[in-house]
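Everything below concerns the one structure shown next.
The values are calculated or read from the model by the stated rules, or taken from the named source; none is laboratory data. Owing to the predicted nature of the structure, the values given are computational and were not obtained by experimental measurement. Please note: Cβ atoms are built from the backbone with ideal geometry, for glycine as well, and neighbour counts cover all protein chains shown.
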Amino acid sequence: MANKIPRVPVREQDPLKRASNFEEVCYGYDEQEARLEATRCLDCKKPRCVEHCPVSVHIPDFIREVAAGRFAEAASVIAADSLLPSICGRVCPQETQCEGACILGVKGEPVAIGKLERFVGDWQLKQGGEKPTIAPSNGQRVAVIGSGPAGLACAADLARMGYGVKIFEALHKPGGVLVYGIPEFRLPKERVVAPEIEKVKALGVEIETDTIAGRTLTIDSLLDEEGFGAVFIASGAGLPQFMGIPGENLNGVVSANEFLTRVNLMRAFDETYDTPVFVGRRTVVVGGGNVAMDAVRTARRLGAEATIVYRRSEAELPARVEEVHHAREEGIQFRMLTNPVEVLGDEKGWVRGVRCVAMELGEPDASGRRSPVPLVGSEFEIPCEQVIMALGTSPNPLIASTTEGLETGRKGCIAADEWGQTSREGVFAGGDAVTGAATVILAMGAGRKAAQAIDRYLSAKR
Amino acid sequence: MYKILLKRQLTPDIVLMHVEAPRVARSAQPGQFVIVRVDEQGERVPLTIADYDAQEGWVAIVIQTVGVSTRKLCDREAGDEIADFVGPLGRPSDFVSEPLESLRKQRFLFVAGGVGTAPVYPQVKWLYERGVAADVIVGAKNAATLILVDEMRAVAGRLFLATDDGSAGYKGLVTGLLQELVEQKGQHYDRVIAIGPMIMMKFVAAATRTYGIPTVVSLNSLMVDGTGMCGACRVTVGGRTRFTCVDGPEFDGHEVDFDEAMRRQGMYRTLEERARKIEEERAAGHRCRIGLDR
């Protein structure tokens, strides 16, 4: 019988303290807290949480094991459907997925499914070193482009089935968006991301960094010259979008991608690293998604008075609720229903402010969200020295433009069916490269599905 | 890790290196660049490809000391390794995909300034190997800072030198020599390719506009990843924002907004200078007691 207690609070770093460091915000549950929270689960006959999980993790089953203190069993329940619990537990938008569907959430607080998943993932990472089970080599090789969540998941599954897998990564460090995009304070690199990548390597997966598909090599050279039987393209959605307003090329206007890459991948916040990062005394971040929250909170940690400018209202903010909440606690200003129309510069060509217009919400658009309409005559200026554009990203055209017969669709996304099959035989794709910028869990799910499809394709050829 | 096979000091602050990178060497074409990261702490530094040999599997880069990372790179010796060497990046020079018959009918003039001489070399060499003799102007402050003169002489049609102080060749700027060739000597050129400091490219492009000679320039914008991800290298060309790393690095010199490009290039100058000063002082044993080095 479920325990009718309030949701067990999770310990977090003090907001004032964390606003000037890059240590993780949330400490997560300890064993007692996790077991106590797990007792709140009603163990529904028809679990809505599972239906709303993009990869259908058997949530009540793993929570039952946590409640009983059988953490290894909990880990293997999750492992049947998800490869990266310590990462997804931290970055999944639980409020629109599992927790959003939890029946306890109707009258009170849903079970903290994300925090429990994270607990199990972290517990498992701490145990470390158990020998993975790998099928004997079947002699066939698969190339994976990109080492983000989709690429890692696909590579891991294929390696377990006995394929020889090599991942090609464009940057100098594997991990994709987990490394260059999501900040340390939300997803620790050494403690969480690196061990997850090590787990994949322990399955025999090779990772070649500094190798750009479409430049250093091509999809065709992998298939024709390097002896790979199939290729999985998981190159993400890395191209930043800008607004196309006057003043956008002034010094001090950067994409969130640039800002976050300098800090996360190049570790510009650490003085022993050479890469510099410019931070305004006052920084305005344009956008309302997770990337905007990451950028604004990073600017805050680097000393800026940091503000979010978003053209819709708070209800439409696409960011995770927890990130918005944390950002507010850290002193981030939110200017909702506000849209920049021009970036203003000083006589030396540096940013001195943004001219904005107030918006109101009109009719719902194609996405179902009410579309913002500018209010005539409402222009005003926000003084600042830096503007960070966090308006979304689209897939890099490098691969599509160098691979004959590979079809693309909207915004340059690679066209693929639900199994990742593209218009080219032996070429599969998944994750953000196919969907446009989405979530870690969807990318992971797409990678795993493609692994099954690649296995079907290649086993038919044996 | 990528091994340095050869190192040659070209001037006190310019170094040439051959780096073992078989995949890059196999795919490299004239006009492209690489990104180099010297060690774990290093910046990702974009450097134009100065030469390559697909058979031997090496790529040549020419580095001028400007900041902390380039200094560390220049201090490496043959036999040492560097952490990362990625490429080839950017689009190859346009002429690479043009029919040879048409190239052979054209007269090319390359204008190279300072360390910009390095990326000009593989272009002139590529044309030379295909029977196209291109004229080349190489400019520098003085005779001691001219680089790759012998290499260039071996592949160029005619080689002209220009130095600010007249210690070698023409006395004056490359634009003065260009003017002399076209206006006084009546030389006809079908296209000009200018690579060097932004300010030089700006004035070469301004001159060739009046002569009506199509002109290509190669921009060395700031970059982080070099694959289109960060947008640090944004440049306005013909009124449109382009990314130097994926749309360039070569652009129509008559369409580039050089003033904006120069301003954007200086974005990190103050921070870089600062980092270099701090490092110099630390190396000299100075310890800041009031925390200014943080």
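For the reader, a short list of remarks on this structure follows.
Okay, residues lined up against (1) farther than 24 Å from A:GLU196 by Cβ; (2) not β-branched (Val, Ile, Thr):
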{"position": "A:ASP365", "(1), (2)": "yes, yes"}
{"position": "A:SER378", "(1), (2)": "yes, yes"}
{"position": "A:GLU385", "(1), (2)": "yes, yes"}
{"position": "A:ALA390", "(1), (2)": "yes, yes"}
{"position": "A:ALA416", "(1), (2)": "yes, yes"}
{"position": "A:GLY420", "(1), (2)": "no, yes"}
{"position": "A:THR439", "(1), (2)": "no, no"}
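- Identity of the residue in the stretch A:5-55, more than 28 Å from the chain's Cα centre (by Cα) and touching a residue at least 12 places away in the same chain (Cβ under 8 Å), that ends up surrounded by the most Cβ atoms within 10 Å (Cβ to Cβ): A:ARG40
- Every residue from the stretch B:171-185 that is part of a helix (DSSP H, G or I) and either surrounded by 15 or more Cβ atoms within 10 Å (Cβ to Cβ) or in contact (Cβ under 8 Å) with a residue 12 or more places away in the chain (or both): B:VAL174, B:THR175, B:GLY176, B:LEU177, B:LEU178, B:GLN179, B:GLU180, B:LEU181, B:VAL182
- Yes/no for B:PRO92 being under 24 Å from A:VAL263 (Cα atoms) and either within 11 Å of chain A (Cβ to nearest Cβ) or not in a loop (DSSP other than H, G, I, E, B) (or both): no
- Taking the stretch A:292-303 as the range and being over 19 Å from A:ARG90 (Cα atoms) and away from every other protein chain (no Cβ under 14 Å) as the test, the residues that pass are A:ALA299, A:ARG300, A:ARG301.
- Residues of the stretch A:94-113 that are under 17 Å from the mean Cα position of the chain (by Cα), assigned to a helix (DSSP H, G or I) and surrounded by fewer than 24 Cβ atoms within 10 Å (Cβ to Cβ): A:GLU95, A:THR96.
- Any hit, the stretch A:219-238, residues being crowded, with 20+ Cβ neighbours inside 10 Å, at the interface with chain B (Cβ under 7 Å from one of its Cβ atoms) and modelled with pLDDT under 95: yes
- From the options A:ARG281, A:ARG311, residue that is surrounded by fewer than 21 Cβ atoms within 10 Å (Cβ to Cβ), of a type outside the set (Asp, Glu), touching a residue at least 60 places away in the same chain (Cβ under 8 Å) and farther than 25 Å from A:GLU190 by Cα: A:ARG281
Here's the yes/no breakdown for (1) surrounded by fewer than 19 Cβ atoms within 10 Å (Cβ to Cβ); (2) at pLDDT 95 or above; (3) of a type in the set (Asp, Glu); (4) more than 30 Å from B:GLY131 (Cα to Cα):
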residue: B:VAL66; (1), (2), (3), (4): yes, no, no, yes
residue: B:THR70; (1), (2), (3), (4): no, no, no, yes
residue: B:LEU73; (1), (2), (3), (4): no, no, no, yes
residue: B:ILE82; (1), (2), (3), (4): no, yes, no, yes
residue: B:PHE85; (1), (2), (3), (4): no, yes, no, yes
residue: B:PRO88; (1), (2), (3), (4): no, yes, no, no
residue: B:LEU100; (1), (2), (3), (4): yes, no, no, no
residue: B:ARG104; (1), (2), (3), (4): yes, no, no, no
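- Subset of the stretch B:41-87 [away from every other protein chain (no Cβ under 14 Å), closer than 22 Å to B:ASP13 by Cβ and in a loop (DSSP other than H, G, I, E, B)]: B:ARG76, B:GLU77, B:ALA78, B:GLY79, B:ASP80
- Residue within the stretch A:365-381 that is of a type in the set (A, V, I, L, M) and at pLDDT 95 or above present: no
- The stretch A:214-247, residues that are farther than 30 Å from A:GLY353 by Cα and out of contact with any helix residue (DSSP H, G or I) (no Cβ under 7 Å at 6 or more places or on another chain): A:ASP220, A:SER221, A:LEU222, A:LEU223, A:ASP224, A:GLU225, A:GLU226, A:GLY227
- Residue ID - modelled with the lowest pLDDT, chosen from residues in the stretch B:141-169 that are buried (at least 19 other Cβ atoms within 10 Å of the Cβ) and over 23 Å from B:TRP126 (Cβ atoms): B:GLY169
- Taken over the stretch B:238-278, residues that are modelled with pLDDT of 95 or more and part of a strand (DSSP E or B) amount to 4.
- Flag if A:VAL434 is more than 13 Å from every other protein chain (Cβ to nearest Cβ) and of a type in the set (A, V, I, L, M): yes
- Residue that is farthest from B:ARG269 (Cα to Cα), among those in the stretch A:268-291 that are outside any loop (DSSP other than H, G, I, E, B) and away from chain B (no Cβ under 14 Å): A:ASN290
- Test result for B:GLY157, assigned to a loop (DSSP other than H, G, I, E, B), more than 25 Å from B:ILE63 (Cα to Cα) and not hydroxyl-bearing (Ser, Thr, Tyr): yes
- Taking the stretch B:225-261 as the range and being within 12 Å of chain A (Cβ to nearest Cβ), touching an Asp or Glu at 6+ places or on another chain (Cβ under 9 Å) and of a type in the set (Asp, Glu) as the test, only B:ASP225 passes.
- Condition met for A:LYS115 (among the charged types (D, E, K, R) and within 23 Å of A:LEU442 (Cβ to Cβ)): yes
- Residue check for B:PHE108: within 14 Å of chain A (Cβ to nearest Cβ), touching a residue at least 12 places away in the same chain (Cβ under 8 Å) and either farther than 30 Å from B:VAL38 by Cα or of a type in the set (Phe, Trp, Tyr) (or both): no
- Residues of the stretch A:74-103 that are among the charged types (D, E, K, R) and either modelled with pLDDT under 95 or closer than 18 Å to A:GLU196 by Cβ (or both): A:ASP81, A:ARG90, A:GLU95.
- Criterion: within 14 Å of another protein chain (Cβ to nearest Cβ) and under 29 Å from A:CYS98 (Cα atoms) - qualifying residue of A:LEU260, A:LEU317: A:LEU260
- For the stretch B:204-221, a residue qualifies if it is in a loop (DSSP other than H, G, I, E, B) and within 17 Å of B:GLY87 (Cβ to Cβ), and the qualifying residues are B:LEU219, B:ASN220, B:SER221.
- For the stretch A:378-387, the condition holds for no residue, the condition being that it is buried (at least 16 other Cβ atoms within 10 Å of the Cβ), farther than 27 Å from A:ARG312 by Cβ and among the aliphatic types (A, V, I, L, M).
- For the stretch A:193-200, the criterion of being within 13 Å of chain B (Cβ to nearest Cβ) and either crowded, with 23+ Cβ neighbours inside 10 Å or under 26 Å from B:GLU43 (Cα atoms) (or both) is satisfied by no residue at all.
- Every condition in (1) within 9 Å of chain B (Cβ to nearest Cβ); (2) touching a Phe, Trp or Tyr at 6+ places or on another chain (Cβ under 6 Å) holds for A:PHE242 except the one numbered (2).
- Taking the stretch A:326-392 as the region of interest, the strands (runs of 3 or more DSSP E) fully inside it that hold 1 or more residues being within 22 Å of A:SER255 (Cα to Cα) and in the same structural domain as A:ARG312 (by TED's automatic domain parsing) are A:333-335, A:338-345, A:351-364, A:380-383, A:386-389.
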